[in-house]
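Colleague: Sharing a structure here in structure tokens format.
The values are calculated or read from the model by the stated rules, or taken from the named source; none is laboratory data. Every value quoted in this text rests on a predicted model; they were computed, and no experiment measured them. Reconstructed Cβ throughout: ideal geometry from the backbone, glycine too, with neighbour counts over all protein chains shown. Accessible surface areas use protein heavy atoms only, side chains included; no ligands, DNA or RNA. Shrake-Rupley method; radii C 1.70, N 1.55, O 1.52, S 1.80 Å.
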Amino acid sequence: MNMSRLTLIVAVSSAVFAGCASNVPLDNKAAPVESRTPGSTGSTSGPSSTSGANSGKLASVDLTKNQAPAAEVGRVVYFDYDSFVIKDEFRPVIEGQAKALTANKSKKLTIEGHTDERGGSEYNLALGQKRAESVAKSLKLLGVTDAQIEAVSFGKERPAEQGHDEAAWAKNRRAELASR
């Protein structure tokens, strides 16, 4: 009985080792290694070369150019009815605030989500929170830390515009970015 187990173990081990064998010939020839240093003017050419005719085609980009202070880019993001999707027209507001927050890590914002008067209080609180969190998520994607922002909801309790028409409702469907 023990002899048959030993025979079985040897047979399985042989099969496993035979399966791992490779038909690719291995030689001792080392793979070619090329050393490159940044800014070297070696004989290499191509898109990674920094010398020659291609260097005149590169344009420098000044990231600080056209950087408006956060107060100038706006502090309010408006939303469509029953939506918490940030519209493209408010991307500059988000990006401007994100630049200001990433440049000054001690700066903090409270994002206040608001809704119009339609709907129940609980629903509007939840929608306002989703709007605030939507803005917070966009800011985080641009490098803002969790410690710098806080998302809160006021629902329909703090309208920006009094009134019961579409113009007033549109002004109240918003997220305000307030310094704290």
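Colleague: Collect the residues in segment 161-177 that are over 15 Å from S134 (Cα atoms), open to solvent by 30 Å² or more (accessible area, probe 1.4 Å) and either free of Cβ contacts under 8 Å to residues at least 24 places away in the same chain or not in a loop (DSSP other than H, G, I, E, B) (or both), keeping them in residue-number order.
Modeller: Matches in segment 161-177: E161, Q162, D165, E166, A167, W169, A170, K171.
Colleague: When only residues in segment 98-114 that are under 30 Å from D165 (Cβ atoms) and crowded, with 20+ Cβ neighbours inside 10 Å count, which is farthest from the chain's Cα centre (by Cα)?
Modeller: H114
Table: residues versus (1) in contact (Cβ under 8 Å) with a residue 12 or more places away in the chain; (2) among the polar types (S, T, N, Q).
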{"site": "I86", "(1), (2)": "yes, no"}
{"site": "I94", "(1), (2)": "yes, no"}
{"site": "A100", "(1), (2)": "yes, no"}
{"site": "K105", "(1), (2)": "yes, no"}
{"site": "T110", "(1), (2)": "yes, yes"}
{"site": "E117", "(1), (2)": "yes, no"}
{"site": "G120", "(1), (2)": "no, no"}
{"site": "A126", "(1), (2)": "yes, no"}
{"site": "V135", "(1), (2)": "yes, no"}
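Colleague: Here's a follow-up. Go over the candidates E89, E150 one by one and state the one that is under 21 Å from V73 (Cα atoms) and exposed (fewer than 15 other Cβ atoms within 10 Å of the Cβ).
Modeller: E89
Colleague: Next up: Would you mind finding the one in E95, E117 that is open to solvent by 20 Å² or more (accessible area, probe 1.4 Å) and either under 16 Å from the mean Cα position of the chain (by Cα) or aliphatic (A, V, I, L, M) (or both)?
Modeller: Result of the check over E95, E117: E95.
Colleague: Let me ask something else about it. Quick one: would you say R158 is basic (K, R), buried (at least 18 other Cβ atoms within 10 Å of the Cβ) and either at pLDDT 95 or above or outside any loop (DSSP other than H, G, I, E, B) (or both)?
Modeller: For R158, the condition - basic (K, R), buried (at least 18 other Cβ atoms within 10 Å of the Cβ) and either at pLDDT 95 or above or outside any loop (DSSP other than H, G, I, E, B) (or both) - is not met.
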